[in-house]
1. Please list the equivalent ellipsoid semi-axes of the chain, computed as the square roots of five times the alpha-carbon gyration tensor eigenvalues, in descending order and whole angstrom.
2. I'd like the orientation of helix 19-31 relative to the chain: the angle between its Cα long axis and the longest Cα principal axis, in ° from 0 to 90, rounded to 10.
3. Taking only Cα atoms and a 10 Å spring cutoff, compute GNM fluctuations for the chain and point out the largest among Gly22, Gly60, Gly11.
4. Just to be sure I understand: with springs between alpha-carbon atoms less than 10 Å apart, which residue in Ile70, Ile79, Ile41 has the highest mean-square fluctuation in the Gaussian network model of the chain?
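Taken together, the values in this text are just the output of simple stated rules run on the coordinates, not laboratory data. Here the structure is a predicted model, which means the values were calculated and not measured.
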Amino acid sequence: MTTPAPAPAPGPAPVADGKTLGIVGLVLAFVFSLAGLIVSIIARKQSKAAGVENTPATIGIIVSIIGLVIGVIAIIANIALFATLGVASYTTY
């Protein structure tokens, strides 16, 4: 009777290259800029550690920053608009 051959040793665990997370970050960049920025930065960091280029993560970072800047400008414009409307409505005759 022969003895069975031993099972081969398991290979190394796969390294997360951040590609999927980069796509998630890009999608979030259009929906919620701050979350998109955070996820895209994490994905880019994982990709750098794995030695892989991650274009969706880079685009997600850029789109998120643009979205945040536009959001801040819109908030400042709304505050300025409502401040001027508030002053105009309290005039006395």
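1. Semi-axes from the Cα gyration tensor: 54, 12, 7 Å.
2. The answer is roughly 10 degrees.
3. The residue that fluctuates most here is Gly11.
4. Maximum among the listed residues: Ile79.
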